[in-house]
Amino acid sequence: MKSYKDYKLEDFLTDDDFQQWIKSGAPASVSQWRELLDKYPDKKPDLEEARTWILFFQQQAYFTEADVEQGIQRVLASKSPQQNWRTTWLSSRWNRWQIAAALLLLIGIGWVVNQTLETDNPYTYAALTAQSPIALNEIINTQATDQRINLPDGSRIVLTPTSRVSYSTQMNKSPSREVFLKGEAFFEVTKNPSHPFLVYANGLVTRVIGTQFSVKTSPENGSVVVRSGRVAVYSMKNQQSAKQVVLTPNQQVTFQAKKNQLTPAISPEPGIIGSDNQAISFQYHDTPVAKVFAQLEQTYGITIRYDSTTLKNCLLNVSLDGKPFFTKLDVVCLTIGATYKIQGTQILVSGQGCD
């Protein structure tokens, strides 16, 4: 059990265990907090004060967990350590609600500004879900860990904390399976060629038939990273096929909403394509570098371009088992005296050759 003898109101407010206990509605008689009051009865006023605050904000449905936390932190940060802010601000019930009003104002201003910005953008999560002609089921991850979601079509989503998704419970009966995302999620999509799977995320659309990929959004940017399969990504402002970017495993695209620009690239951490990773050996003994590059291309699905004539005499004697893709590439190039650069979704290798 923690040491609570020096706990004050602000400590209870920012204690994750205390917040979780209050929000869960668990009886006080069976909690560690009852033990605390038995041991430190002088803590009761602060504990009850904190409890009132947390319950108050929990009832404000239009505030998220992040909103409440941000409001509390702003008020606490606005008081210097030298000020006895608790005595000055919390001496009465009237002042308690003055603080609540201040928090509401602090949080509310940001909320109103955010809502105004979202209203001006017809491609935000709020705008798209509001315009949906069919009823949507929304899931918000209020946990501190990833949340796994099983969709009606058998697809699966791993939703990161504070993120949310909306989808139709009747998606199998629609021409396309549509999911709306705010935040970040990993998708494992069940194949169904007659019902494409579409993810809408802040102006970015990802269209797949069956694959594994992740989508991440923010108010200004978005990204899609493909683990397996093949996806088409395009902006909702430019839905013509000529404007779409097709991604294969270990490729990603970033989206700048203000510029309406899609930029393809290689995934930051390319993984081995396929499930039989243990059967692949990266041990080389007098192996021509051309064969090494060919294996890396086939294993990771990444194009590596180089001058085969210049590098034809370069041989490799090294073990690259267990090393990430870019570490493998670093070692290969260092060994043969070459360098490389990333250009879009390709690797360009240049060197003087080997004697």
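Of the residues making up the range 311-349, those that are more than 15 Å from Asp286 (Cα to Cα) and touching a Cys at 6+ places or on another chain (Cβ under 9 Å) number 5.
Every residue, every condition in (1) not β-branched (Val, Ile, Thr); (2) not in a loop (DSSP other than H, G, I, E, B), yes or no:
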{"site": "Tyr284", "(1), (2)": "yes, yes"}
{"site": "Gln295", "(1), (2)": "yes, yes"}
{"site": "Gln298", "(1), (2)": "yes, yes"}
{"site": "Thr309", "(1), (2)": "no, no"}
{"site": "Asn317", "(1), (2)": "yes, yes"}
{"site": "Gly322", "(1), (2)": "yes, no"}
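If you check Ala257 against the conditions, is it more than 17 Å from Gly344 (Cβ to Cβ) and free of Cβ contacts under 8 Å to residues at least 24 places away in the same chain? Spelling it out, it is not the case that Ala257 is more than 17 Å from Gly344 (Cβ to Cβ) and free of Cβ contacts under 8 Å to residues at least 24 places away in the same chain.
Residue-by-condition table, conditions (1) over 17 Å from the mean Cα position of the chain (by Cα); (2) over 16 Å from Asn250 (Cα atoms); (3) without any contact (Cβ under 8 Å) to a residue 60 or more places away in the chain; (4) surrounded by fewer than 16 Cβ atoms within 10 Å (Cβ to Cβ):
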residue: Ala185; (1), (2), (3), (4): no, yes, yes, no
residue: Val189; (1), (2), (3), (4): yes, yes, yes, no
residue: Tyr200; (1), (2), (3), (4): no, yes, no, no
residue: Gly229; (1), (2), (3), (4): yes, no, yes, no
residue: Ser235; (1), (2), (3), (4): yes, yes, yes, no
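Within the set Phe187, Phe180, the sole residue that is farther than 22 Å from Pro122 by Cα and part of a strand (DSSP E or B) turns out to be Phe187.
Restricting the range 119-144 to residues that are touching a strand residue (DSSP E or B) at 6+ places or on another chain (Cβ under 7 Å) and of a type in the set (Val, Ile, Thr) leaves a set whose member that is surrounded by the fewest Cβ atoms within 10 Å (Cβ to Cβ) is Ile139. Within the range 273-296, is there a residue that is closer than 30 Å to Ser218 by Cβ and surrounded by 12 or more Cβ atoms within 10 Å (Cβ to Cβ)? Among the residues of the range 273-296, at least one is closer than 30 Å to Ser218 by Cβ and surrounded by 12 or more Cβ atoms within 10 Å (Cβ to Cβ), which makes the answer yes. Comparison of Thr263, Thr248, Thr254 shows that the only residue that is modelled with pLDDT of 85 or more and under 15 Å from the mean Cα position of the chain (by Cα) is Thr254.
Total residues in the range 321-351 satisfying the condition of being farther than 21 Å from Ala265 by Cβ and in contact with a Leu (Cβ under 9 Å, 6 or more places away or on another chain): the figure is 5.
The values are calculated or read from the model by the stated rules, or taken from the named source; none is laboratory data. Quick caveat, the model's predicted, so the values are computed rather than measured. Neighbour counts are summed over all protein chains in view; Cβ atoms, including those assigned to glycine, are modelled from backbone coordinates with ideal geometry.
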